[in-house]
Amino acid sequence: QVQLVESGGGLVQPGGSLRLSCAASGTISRINAMGWYRQAPGKERELVATIISGGSTNYADSVKGRFTISSDNAKNTVSLQMNNLKPEDTAVYYCNANSYDRGQRRYLQLWGQGTLVTVSL
């Protein structure tokens, strides 16, 4: 089983920065994409940013220019650098990975437990 563990959430003032990290552990066959999603209170989970193994990235319009996603394929880790944070960025942030399962012979969507980011004075 592959597990995702996030770290780095917390409380920050508007305009501040935080860095989220996520590490995949367990019996990993291949991960071809990782990313971050978030869910604010009363709202649906939404994509924040994704990165594929080749390095291509994709961002939600609301975070473009402020957030940067990066990954280390050798270590199966993904990070999200968040700058110029706004109150509307407040949410639980979830790490996501597209991981190949040899038993099922297909890729599975895996999720971390989530880490809370609060942007407030």
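Rule-based calculations on the coordinates, nothing more; no lab input. Note that the coordinates shown come from a computational prediction; the quantities given were computed from them, not determined experimentally. Neighbour counts run over all protein chains shown; Cβ positions are idealised from the backbone, glycine included.
Remark: the Leu108-Asn83 segment gains 5.9 nm on full extension, using 0.36 nm per residue and subtracting the alpha carbon distance. Couplings 3J(HN,Hα) for region 42-52, derived from phi with the Karplus relation 6.51 cos²θ - 1.76 cosθ + 1.60 (θ = phi - 60°), are x, 10, 7, 5, 10, 6, 9, 6, 9, 9, 9 Hz, where x marks Gly and Pro. Within the shell of other residues whose beta carbon sits under 9 angstrom from the beta carbon of Tyr100, the net charge comes to +3, with Lys and Arg scored +1 and Asp and Glu -1.
Here the spin labels are modelled as points 7 Å beyond Cα on the Cα-Cβ line, and at Ile28 and Thr118 they lie 3.1 nm apart. The string of couplings for region 17-33 from the Karplus curve (6.51, -1.76, 1.60, θ = phi - 60°) is 10, 9, 10, 9, 10, 9, 10, 8, 9, x, 7, 9, 8, 7, 10, 9, 6 Hz, one whole number per residue in order, with x for Gly and Pro. Dipole of the chain computed with +1 at Lys/Arg Cβ and -1 at Asp/Glu Cβ about the Cα centre; of Val117, Asn73, Ala49, farthest Cα towards the positive end is Asn73.
At Thr68 and Asp101, where each label point lies 7 Å from the Cα along Cα→Cβ, what is the point-to-point distance in nanometres? Placing both labels 7 Å along Cα→Cβ, they lie 3.5 nm apart.
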